[in-house]
Structures are given as C-alpha cells and as structure tokens.
Amino acid sequence: MIVATTKRLTLRHASPDDAIAMRSVFCDAEVMRYGDGPQTDAWIRSWIALMNRDYHERGYGLWIVTKIGDPRAIGYCGLTWFPNINGRAEIEVGYRLAREYWNTGFATEAALAVRDLAFICRGLDRLVAIIDPDNFRSIRVAEKMGMKYDSDVLLDGYTHPDTVYACHRDEDGEPSDEPKSRS
C-alpha cells in the first residue's frame, strides 16, 4: 500500500519481497554504524513482520522507500512510537537509506513527506528524531525538516546519550519552529 509520493520517491508498506533489497541497508556495517550493527536475513524478515503489525495496530510505522518507477526498496522512512523519552511518549521520524543513495537528497525528501503526513494528515503536534551525536548526516536531515536540538536522552542498553531533535506544527497544521503551549 502506497502511503506517500514525492517528486522522486514512493513510501509504501513493507512486504516480505523487500527482504533481499533491504540487505543493502541492514547488512551494511557503515549504514548500520549508528544502530545495532549489521543484521541477519532472519532479523530483516522479523523487522518486516513488525512493521506490518505496526501499520495494523498504530496506523503507521517505518515505510519502504523506493524511487518512482522502480519497486526495489532503497531504505525506509517513517514513524515509530516511543513510550518514554525523557518522561513523555514521543513519535519519532526515522530514516535510513542504502549507502548508494546517500548524498542524493532522498533522505530529506522522504523525511519531509513523513513530517507533513504526520502533521497534516495525522494531526500530530510534535515529532522527534533521536540521533547519535556523531551522526552528522542524520542531524543534517533533521535540521532540514525544521527540527532543532531539544535534549539528550540515554536509552536503555546504550552506553552514551543520544540527542533528541524536535519540531512542532502550527495552528494551520504546518511545521513550526515554536513549541505549542500545553493548556
């Protein structure tokens, strides 16, 4: 199922057929450098199953990114729910592309589409990106989405804090630099 289309990309639900193409993401040590490291084929299949469960239960998840006209997965971008980031539930925009698609603007293009989908279609007020402080590429994508540094967080199982970047929507549903006040 297609979730969003941009000028050059399509974001869609993951399918078991994506497992082989997603090796270029999940099995590449450099791509996974700021994650849990390279993964196995079995892990990729379980990730796809988990995403399909999230689509069903939450109505969102991490979606497969493809180039328009080419059904082959080049990465993922989407939304993930975290129950406790510094004492509050958060929804994160996450993105990761195969290395051959780095420096193409695809990550920013996909992330902007997800941000707009979250704010305009889902009515969310705030989004975050949780990023290793040394992952300058990912930080730059977050900044291009209009996110700004919010805080640091030490996630369970981590040995150092990650940085939390955040953006908010304004009253018209558009991205805003200003946090919404809580009544």
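The values are calculated or read from the model by the stated rules, or taken from the named source; none is laboratory data. Just so you know, these numbers come straight off a predicted model, no measurement behind them. No Cβ is skipped: glycine too gets one built from the backbone with ideal geometry, and neighbour counts run over all protein chains shown.
Please determine whether any residue of the range 65-76 is within 18 Å of Ala4 (Cβ to Cβ), without any contact (Cβ under 8 Å) to a residue 40 or more places away in the chain and within 11 Å of the chain's Cα centre (by Cα).
no
Out of the range 73-99, which residues are over 17 Å from Gly35 (Cα atoms), small (Gly, Ala, Ser) and either at pLDDT below 95 or not in a strand (DSSP E or B) (or both)?
The answer is Gly87, and nothing else.
Of the residues that sit in the range 1-49 and are of a type in the set (D, E, K, R), touching a residue at least 60 places away in the same chain (Cβ under 8 Å) and touching an Asp or Glu at 6+ places or on another chain (Cβ under 8 Å), which one is nearest to Asp116 (Cα to Cα)?
So, considering only residues that are of a type in the set (D, E, K, R), touching a residue at least 60 places away in the same chain (Cβ under 8 Å) and touching an Asp or Glu at 6+ places or on another chain (Cβ under 8 Å), the one nearest to Asp116 (Cα to Cα) is Lys7.
Would a scan of the range 93-112 turn up a residue that is of a type in the set (Val, Ile, Thr) and in contact (Cβ under 8 Å) with a residue 60 or more places away in the chain? It would help to see each step written out before you state the result.
First, the residues of the range 93-112 that are of a type in the set (Val, Ile, Thr): 93, 104, 108.
Still in the list and also in contact (Cβ under 8 Å) with a residue 60 or more places away in the chain: none.
The answer is no; no qualifying residue exists.
Out of all the residues in the range 122-142, which are within 18 Å of Asn103 (Cβ to Cβ), among the hydrophobic types (A, V, I, L, M, F, W, C) and surrounded by 13 or more Cβ atoms within 10 Å (Cβ to Cβ)?
Ile131, Ile139, Val141, Ala142
Only one residue in Thr80, Thr40, Thr6 is of a type outside the set (Lys, Arg), closer than 23 Å to Met147 by Cβ and out of contact with any strand residue (DSSP E or B) (no Cβ under 7 Å at 6 or more places or on another chain). Which one? Reasoning before the result, please.
Details: Thr80 fails: out of contact with any strand residue (DSSP E or B) (no Cβ under 7 Å at 6 or more places or on another chain); Thr40 fails: closer than 23 Å to Met147 by Cβ.
On inspection, the qualifying residue turns out to be Thr6.
Give the residues of the range 167-183 that are within 15 Å of Thr108 (Cα to Cα) and either at pLDDT 95 or above or in contact with a Ser or Thr (Cβ under 8 Å, 6 or more places away or on another chain) (or both), sorted by residue number.
Scanning the range 167-183 gives a single hit, Cys167.
Return the pair list, or none, for Cβ contacts closer than 6 Å from residues in the range 156-173 that are under 19 Å from Tyr95 (Cβ atoms) to residues that are modelled with pLDDT of 85 or more and of a type in the set (Gly, Ala, Ser), at least 6 apart or on different chains.
What qualifies is Val164/Ser151; Tyr165/Ala129; Tyr165/Ala142; Cys167/Gly146.
Looking at (1) in a strand (DSSP E or B); (2) of a type in the set (Asp, Glu); (3) without any contact (Cβ under 8 Å) to a residue 12 or more places away in the chain, find the lone condition where Glu57 falls short.
(1)
Condition first: over 14 Å from the mean Cα position of the chain (by Cα) and either among the aromatic types (Phe, Trp, Tyr) or farther than 17 Å from Val25 by Cβ (or both). Now tell me which residues in the range 88-125 satisfy that.
The answer is Arg88, Ala89, Tyr101, Trp102, Gly105, Phe119, Ile120, Cys121, Arg122, Gly123, Leu124, Asp125.
Among the residues of the range 100-147, count how many are of a type in the set (Val, Ile, Thr) and more than 22 Å from Thr159 (Cβ to Cβ).
5
Suppose the filter is closer than 17 Å to Val114 by Cα, surrounded by 12 or more Cβ atoms within 10 Å (Cβ to Cβ) and touching a Ser or Thr at 6+ places or on another chain (Cβ under 7 Å); does Ile68 pass it?
Answer is no for this residue.
Quick check: is even one residue across the range 1-23 assigned to a helix (DSSP H, G or I) and under 16 Å from the mean Cα position of the chain (by Cα)?
For the range 1-23, residues assigned to a helix (DSSP H, G or I) and under 16 Å from the mean Cα position of the chain (by Cα): absent.
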